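Written out below as structure tokens is the structure these notes cover.
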Amino acid sequence: MISFDSLGLSAGLVRAVAERGYGAPTPIQAAAIPHVLEGRDLLARAQTGTGKTAAFTLPVLARLAGAPTPSGKRRVRALILTPTRELAAQVADSVAAYGAHLPLRHAVLFGGVNIRPQIAALARGVDIVVATPGRLLDHAAQRTLDLGAVEIFVLDEADRMLDMGFLPSIRRVIGLLPARRQSLMFSATFSKEIERLAASLLRNPAEVSVAPQNAPADLVEHRIHPVDAGRKRALLESLIDGGEWTQVLVFTRTKHGANRLARQLGEGGIEAAAIHGNKSQAARTKALASFKAGELRVLVATDIAARGLDIDQLPYVVNYELPNVPEDYVHRIGRTGRAGRSGLAVSLVAADETKQLAGIEKLLGRRLPRVPLAGFEPSAAGAERREPRPRGPSARPRAGRSPGSRNGKAARMSPDTSRRSPKAAGRAGSSR
């Protein structure tokens, strides 16, 4: 069996991995780490939950620790770019954990929080920066960050970066980096746009892939429960209470819907909280911590949580509403069935969601099992039924727009808004 030691990692890193309880590398780690240690550029395709964060964090730490540190003030030698604040925070946690026995410093930079502590950390000198694009470019504009000495650049969740419209920001970041560097690019799904970006970013890269394109986690069981839209909440409560589910992540399409569902579940005696872009970073962090600690049974989220959340042994994911983009289904259910553990992905599908379901099944290349539940079978008029809107002036959306939408279209997640207009930049987390 391959071990972390046999991959060429230092004793300090092997010790840190053992302290985290990991005995053997996952396939993506075994495939990627040797290439990174050799100094090669890398293009890696790996579905969520496969251990890809360690696949780049461990060899990056090894390369930096193994090379002599230039004398004088520490300069940023590695940059890890992620699409969301939550993912940036979790990657930074991995850097800290795996680098616990190494003389390296790091900083994490993202919007929605005070910039001054970040400036202070950078002024003290760091070896590794983990950042979202917006806040990184803020620091560059204020000249509080110098990327001229970066040796290794990691672009994580590249497909999500493009989905969220970050390509111009990515190109600006690349323009701040030295031409001579090692570049690593990780993506759960591939597309023509990803291939074009890889061609412009990477030089003669090694390529590794540990899962078929757009494949969900193999250990995830899928179930479709047909139900009228107006009875989804009752069905969800029945599943949670009847199945004695103690921890479940539930996805809605909109921020408004997440808030409403979390409130209604709470009123029904099920501990729940919502997480989305309109929540402050402190509120999002608190809700996630409470969920991980088992203090909340239900975390209701928009697609801001579909990537990067590392929740140990999460057994259940529920699509309360199907996503409009089929690939987002893969990312949502990737929160369960991780690290060799099985998981259950449940989708509550109303008659007006058949188009989204067909798109998901086309992407997966198979029909997902329908499991009607007694007492919740959809009625003949189900297509016309909707859950009631909350009453009151504050609940009414502006004309021509639906809650959680922009210009009449479903809003995509945009977790770091600090490079938007000055007005938008002043609103931390104004997106999903």
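Annotations
- Of 249, 299, 236, all but one fail to be in contact (Cβ under 8 Å) with a residue 24 or more places away in the chain, closer than 15 Å to residue 347 by Cα and not in a helix (DSSP H, G or I); the exception is 249.
- Scan of segment 258-281 for residues that are assigned to a helix (DSSP H, G or I) and within 27 Å of residue 159 (Cα to Cα), ordered by number: 258, 281
- Evaluating residue 25 against the criteria (1) in a loop (DSSP other than H, G, I, E, B); (2) farther than 27 Å from residue 219 by Cα leaves one unmet condition, (2).
- Looking only at residues in segment 93-117 that are under 19 Å from residue 161 (Cβ atoms) and at pLDDT 95 or above, the one that is surrounded by the most Cβ atoms within 10 Å (Cβ to Cβ) is 109.
- Among the residues making up segment 219-260, those that are under 23 Å from the mean Cα position of the chain (by Cα) and of a type in the set (A, V, I, L, M, F, W, C) are 219, 220, 248, 249, 250, 251, 258.
- Being under 27 Å from residue 354 (Cα atoms), in a helix (DSSP H, G or I) and out of contact with any His (no Cβ under 9 Å at 6 or more places or on another chain) is a description that applies to residue 231.
- Among the residues examined, residue 55 does not qualify as outside any helix (DSSP H, G or I), closer than 23 Å to residue 17 by Cβ and in contact with a helix residue (DSSP H, G or I) (Cβ under 6 Å, 6 or more places away or on another chain).
- Given (1) over 23 Å from residue 35 (Cβ atoms); (2) modelled with pLDDT under 95, number of the condition residue 191 does not satisfy: (1)
- Some residue of segment 55-71 being small (Gly, Ala, Ser), touching a residue at least 24 places away in the same chain (Cβ under 8 Å) and crowded, with 24+ Cβ neighbours inside 10 Å: yes
- Residue within segment 315-325 that is within 21 Å of residue 164 (Cβ to Cβ) and modelled with pLDDT under 85 present: yes
- Only a single criterion out of (1) over 30 Å from residue 54 (Cβ atoms); (2) in contact with a helix residue (DSSP H, G or I) (Cβ under 9 Å, 6 or more places away or on another chain) is not satisfied by residue 248, namely (1).
- Of all residues in segment 232-271 being more than 28 Å from residue 342 (Cβ to Cβ), among the charged types (D, E, K, R) and buried (at least 18 other Cβ atoms within 10 Å of the Cβ), the one that is modelled with the highest pLDDT: 260
- Among the candidates 31, 16, 44, the residue that is crowded, with 16+ Cβ neighbours inside 10 Å, touching an Asp or Glu at 6+ places or on another chain (Cβ under 8 Å) and either assigned by TED's automatic domain parsing to the domain that holds residue 62 or within 13 Å of residue 60 (Cβ to Cβ) (or both) is uniquely 44.
- Any chance residue 32 is within 22 Å of the chain's Cα centre (by Cα) and within 22 Å of residue 90 (Cβ to Cβ): yes
The values are calculated or read from the model by the stated rules, or taken from the named source; none is laboratory data. Remember, predicted model here, so these are calculated numbers, not experimental data. All Cβ positions, even for glycine, are placed from backbone atoms using ideal geometry, and neighbour counts span all protein chains on display.
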